[in-house]
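What follows is a single structure, written as structure tokens, with notes after it.
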Amino acid sequence: MIPFDYRRAQDPADAVTAVAERPGAAFLAGGTNLVDHLKLGVTAPDLLVDVSRLPLDGVESLPGGGLRIGAAVRNSDLAAHPVVRERYPMLSRALLSGASGQLRNAATTAGNLLQRTRCVYFQDVTTPCNKRDPGSGCSAIGGYTRYHAILGASEHCIAVHPSDMAVAMRALDADVIVLSQDGERRVPLADLHRLPGDAPHRDTVLDHADLITAVELPALPMARRSTYRKVRDRASYAFALVSVAAALELDDGMVGDVRLALGGVAHKPWRASTAEEHLRGAPATVETFRRAADAELAAAQPQPGNEFKVRMARNTIVAVLRELAGAHGMGGEHR
Amino acid sequence: MEVPITIRVDGAERSMTIDTRTTLLDAMRDRLSIMSPKKGCDHGQCGSCTVLLDGRRVVSCLALAVAHDGAEITTAAGLADGAELHPVQQAFVDRDGFQCGYCTPGQICSAVGMLEEAKAGHPSHVTDDLTGPIDLDDAELRERMSGNLCRCGAYVNIVAALREGTAS
């Protein structure tokens with residue numbers, strides 16, 4: 001591990017200034033991903049600016065029914081928050097399906113959004129990786145692809161974003177509040193994470209000294225009937241092969257409204273907008289769910305070794321929509 | 001960069017000057033000779049370094065000591081009341097919840113933290129009703145303890161010990 005300086009930020013603006021002044025600086029919050037990367041040599045900041053004690057750990061209801069989640073709220077606290085459990089169950093379930101009890105107690109909301117891919121080549125500094133070492137090549141292409149993308153990848157990178165929480169937040173149309181030296185701005189979560197393109201070293205649109213201070217969820221009454229399903233190689237404590245966050249509103253046997261996002265399939269939380277379009281206004285039947293999933297996955301370009309994820313994603317979408325429709329007493333036809 | 005810090009471990013205040021790269025785990029083991037938290041994977045995957053940090057279970061291998069100046073830490077060795085074992089410790093002994101014992105201090109700290117979380121009504125991945133009361137059946141115990149690996153495979157008796165710990 002390369003030696004680094006340490007500084008405890010006095011307030012959010014102080015944190016931003018401290019990182020802006022040093023090109024090699026990084027923010028430290030829960031540290032569950034960063035400290036691991038320091039040990040692995042994946043990253044080597046020369047200054048850590050500790051934001052973990054800043055007063056950014058509140059969860060407040062917003063006028064109009066939304067929810068503001070402080071950047072430093074621990075994953076475990078957010079999952080257990082009474083308002084999240086009742087009004088945004090998909091978010092609670094997504095958080096609870098991620099990592100372990102110990103890690104959720106340390107990991108923060110903003111840190112969860114900004115965690116790096118678990119691509120084995122990214123984490124192994126002895127192998128080429130365009131994300132870790134731009135221009136060095138992608139070892140995953142033609143390599144071990146089980147945990148890699150089937151949507152939106154590029155010839156430079158096929159890594160996926162590992163967060164469960166972010167998938168639920170993407171389905172919920174969350175906004176991220178970002179502080180920079182120019183002041184505060186609002187970034188839709190939809191625009192926060194990037195597709196790899198020819199610059200896979202950039203996970204997000206954030207600049208060096210941008211500090212996430214909060215995430216805001218809109219009031220979304222339909223989210224009360226929502227869930228998150230994660231398919232993985234172990235029953236617990238493993239990253240997703242495929243995951244689905246969904247909310248479904250039925251109107252007399254028809255899909256009134258729907259929110260659908262996928263995890264484990266792309267470089268960013270993947271909003272299944274095409275599937276949503278197919279679903280809205282259509283009868284809430286398994287046939288509809290299948291057609292919608294197929295329409296979304298028509299663009300899938302799996303790698304040799306992860307072709308199975310296309311069918312897995314399709315089946316998981318259908319299963320989750322059936323489950324939600326079943327809660328309305330619908331969607332059980334055409335088994 | 002060297003930084004002075006003070007932490008309380010198992011009730012005793014300990015001051016030292018540490019390199020910023022030092023984890024809480026290494027500070028305890030290498031600097032304070034507190035050997036109860038174990039180094040297994042050193043990457044947050046095995047849970048053997050689990051301690052209670054300001055009352056909550058965390059893996060001490062991914063916590064930088066410098067960021068936890070002033071923290072109150074309880075290790076498995078600090079759970080006993082004199083010669084009287086903590087009920088969870090006693091349950092592990094009674095139920096043979098270990099073989100080699102290397103993961104055991106982490107398992108026990110994790111279990112104590114886990115039982116507090118359940119008491120506070122926190123749901124888990126396998127909880128059907130997110131807003132209902134928590135019933136710590138075997139599926140719940142296994143899910144909530146999935147961050148602690150036991151390479152001897154003593155899981156069956158660990159679950160039995162936890163059932164007992166839950167009752168007490």
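The values are calculated or read from the model by the stated rules, or taken from the named source; none is laboratory data. Fair warning: this is a prediction, and the values are worked out from it, not measured in the lab. Here the Cβ positions follow ideal geometry from the backbone for every residue, glycine too, while neighbour counts run over all protein chains shown. Please note that ligands, DNA and RNA were not included when accessible areas were found on the heavy atoms of the full protein model with its side chains. Shrake-Rupley method; radii C 1.70, N 1.55, O 1.52, S 1.80 Å.
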For this session: Could you look at the protein assembly as shown and say what percent of its accessible area is carbon and sulfur, using a 1.4 Å probe and all protein chains?
Result: 49
Exercise. Any idea what log10 I(q)/I(0) is at q = 0.11, 0.23 Å⁻¹ for region B:2-77, Debye with uniform C-alpha scatterers and no solvent?
Worked result: -0.21, -1.02
For this session: List, in order, the whole-Hz ³J(HN,Hα) value for each residue of region A:48-59 obtained from phi through the Karplus relation with A = 6.51, B = -1.76, C = 1.60 and θ = phi - 60°; use x for Gly and Pro.
Result: 9, 9, 7, 9, 5, 9, 5, x, 10, 10, x, 10
For this session: Please list, in chain and number order, the residues 5+ apart from A:R8 or on another chain whose amide H is under 5 Å from its amide H, with Hs placed from the backbone.
Result: A:D50
Problem set entry | Alpha-carbon radius of gyration plus Dmax, which is the widest Cα pair, for region A:93-139 in Å | 13.9, 38
Problem set entry | Accessible surface, per residue, of the protein assembly as shown when the full set of protein chains is kept, probe 1.4 Å, Å² | 40
Problem set entry | Rg/Rh ratio calculated on Cα atoms of region A:10-157 (Kirkwood radius) | 1.02
Exercise. Going down the list A:K39/B:K119; A:K309/B:K39; B:K38/B:K119, which pairs span over 29 Å between their C-alpha atoms?
Worked result: A:K39/B:K119; A:K309/B:K39
Exercise. With Cβ to Cβ distances under 10 Å as the rule, what net charge do the other residues near B:G113 carry (K, R +1; D, E -1)?
Worked result: +1
Problem set entry | Charge dipole magnitude, Cβ of K and R +1, D and E -1 - region A:227-326, Cα centre, debye nearest 20 | 520
Exercise. Counting pairs of alpha carbon atoms under 8 Å apart in space and at least six apart in sequence, what relative contact order in percent does chain A give?
Worked result: 17
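Protein chains only, probe 1.4 Å: how do B:D26, A:D164 rank by accessible area, largest first?
Largest accessible area first, the residues go B:D26, A:D164.
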For this session: Evaluate the Kirkwood expression for the hydrodynamic radius of region A:226-335, namely the inverse of the mean inverse distance over all pairs of different C-alpha atoms, and round to one decimal in Å.
Result: 14.0
Exercise. Along the principal axes of its C-alpha atoms, what lengths does chain B span, in descending order and rounded to whole Å?
Worked result: 48, 34, 29
Problem set entry | Tail fraction, Cα-Cα pairs, region B:87-167, threshold 22 Å, whole percent | 19
Seminar exercise, completed: In vacuo Debye sum over C-alpha of chain A, base-10 log of normalised intensity I(q)/I(0) at q = 0.08, 0.16 Å⁻¹, listed in q order, is -0.37, -1.41
For this session: Calculate the length of the line joining the C-alpha centroid of region B:100-168 to that of region A:1-44, in whole Å.
Result: 34
Exercise. In percent, how large is the relative contact order of chain B, given Cα pairs closer than 8 Å and 6 or more residues apart?
Worked result: 23
Exercise. Taking the Cα atoms of region A:5-48, what is the range of coordinates along each of the three principal axes, in descending order and whole Å?
Worked result: 30, 20, 12
Exercise. What ranking, highest mean first, results for peptides B:67-73, A:52-58, A:236-242 when packing means the other Cβ atoms within 10 Å averaged over each residue?
Worked result: A:236-242, B:67-73, A:52-58
